[in-house]
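Asker: Below: one structure in structure tokens.
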Amino acid sequence: MEEQLEPQLKTPRTPIVSILLLINVVAFFLELLAPGFVIRHFALWPLGDVQMMEALPAQMVTGEFHLWQLMTYAFLHGSVLHLFLNMFVLWMFGMPVEGVWGGRVFILYYLVCVVGAAIVQLLVVSAGVQAGAPSLGASGGVFAILMAFGMLYPNQVVLLLFPPIPMKAKYFVVLIGIVQLMMGLSASQTGVAYFAHLAGMVFGLLFIVVFRLRMR
């Protein structure tokens, strides 16, 4: 009987992760230079009537949805902390995932999950579950990477930040998914796309299942 071994955790050379980190940092500096233009054209704007959106800063001109925003929104961030947290997770968990899958599969996985999260966010806003506002951030793709890491390295122990509790990756991913679902349903904090985060994980799971079926 053959036994499938869990791949050894390592941090090999990962060019795609490095490129994604660079693009996100450059995009953030462009936001600082021309925030109105960048947010108006490249953030993910809701479908339909923009008059139903939350109040925006006085200097910001409202935008409208364009197809390319399904991808470009994921390279924009609202603050230095927002950028740092997403890039830290991308670097920490993305490197070993890309090391196993290779760059082509990794970038396809990441972009599919980014677009999937964007579509779900548009549907959530259109259904009135969440107030309309331009969405931005790599969280959909980052949560998908967490899903991939948990499936590739289920028994790898990771340390939670708040509280600092060690936990196996498979349990960590389940906990993160439950928290995102509960926060989304309770709407305890406006301005956070919890359902988009959860959608990134779901699309990641679907991608992994389909990829394995094709490999067979």
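Asker: Taking the Cα-to-Cβ direction at ARG212 and at VAL174 and moving 7 Å from each Cα, how far apart do the two end points lie in nm?
Answerer: Result: 1.5 nm between the two label points.
Asker: What ranking do 69-82, 195-208 get when scored by the average of other Cβ atoms within 10 Å per residue, highest first?
Answerer: Answer by packing, highest mean first, reads 195-208, 69-82.
Asker: Give me the number: length gained by fully extending LEU159 to LEU123, i.e. 0.36 nm times residue separation minus the C-alpha to C-alpha distance, one decimal in nm.
Answerer: Going from the current span to full extension adds 9.6 nm.
Throughout, read-outs are computed from the coordinates displayed, never taken from laboratory work. Since the model is a prediction, treat every value here as computed from it, not as a measurement. Cβ coordinates were reconstructed from backbone atoms using ideal geometry, including for glycine residues, and neighbour counts include every protein chain displayed.
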